[in-house]
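A quick write-up on the structure given underneath.
The values are calculated or read from the model by the stated rules, or taken from the named source; none is laboratory data. All figures in this text were calculated on a predicted structure; none of them were measured in a lab. Every residue, glycine as well, gets a Cβ built from its backbone with ideal geometry; the counts of neighbours run over all protein chains shown. Please note that ligands, DNA and RNA were not included when accessible areas were found on the heavy atoms of the full protein model with its side chains. Shrake-Rupley method; radii C 1.70, N 1.55, O 1.52, S 1.80 Å.
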Amino acid sequence: MSYADQVPVEPVKRPRGRPRKDSALVRISKDLIIHRALDIAGREGFGAVTMNRLAEEFSATPRALYNYVADRDEVVSAAFAEFLDQAPELDFDTADWRSSLRRAYAATRKLFRKYPRIAMAALEERFSDEVDERQLQLIGKMVQFFVDLGLDLPTAELFVHAFETDAFGFAMRVDYVNDLANSQHGDPQNAPLHVWWHRAADRGVAANFPQPDATEPLRTSDMLFDEFVNLRVLAVEQALAAKGLS
């Protein structure tokens, strides 16, 4: 460990109570701050990323962090840029576009499952132009894929927006909820329809749909995702067919 990675930590001044027992030296670096910020944002959203929270994570004071970063804005932008850097390099093959699209969905889902609350970033923060440029590059690559298939630009744009919405929505509504429920030994949200029908009946609530087949098996989130992507592939097939393309 180099001296550059060690910062003397000043004890936090408190008017009352037991003084904080900070260690004399704490390992801190800009990269570590950014990594920790991304982990927090992925679990709790960027609203939870504050200089005070980061200081607590390192058992340091906020003043110590400013030796490495200018302010929270720099940390947040750098954390989101790191998230984008982890985005998979998607190789689209128009000759086998169905497989390409499925791989893109699977890879994007994997990333958002690792950082589920990142899906809310656009609603919580404003990022630097450099980060926006990286996003544009990723979006542009997918737009070109759909255009190369033979779709017009407005239709290609719609499918890219659908892709983003699908990935974000599934990460939050299905994966995040199910992973959280399973970690707490709760009921998964993707129970068969007949389970929801009986839950309503048990509570004296009339379901507004016919009683489903009770033999319908539990679908895992992976099964749901595959079915979800198959519907999107079908939509692309229909769009191509409408233009006389296969």
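Observations on the structure shown:
- Residue within segment 131-146 that is closer than 28 Å to Ala48 by Cβ and basic (Lys, Arg) present: yes
- Search result, residues across segment 46-92 that are more than 20 Å from the chain's Cα centre (by Cα), surrounded by 15 or more Cβ atoms within 10 Å (Cβ to Cβ) and closer than 30 Å to Arg103 by Cα: Phe92
- Test: residue in segment 108-117 that is open to solvent by 60 Å² or more (accessible area, probe 1.4 Å), of a type in the set (Phe, Trp, Tyr), part of a helix (DSSP H, G or I) and more than 18 Å from Ala235 (Cα to Cα): no
- Helices (runs of 4 or more DSSP H) fully within segment 151-238 counting 1 or more residues that are more than 27 Å from Arg117 (Cβ to Cβ) and either at pLDDT 90 or above or touching a Phe, Trp or Tyr at 6+ places or on another chain (Cβ under 8 Å) (or both): 153-170, 193-202
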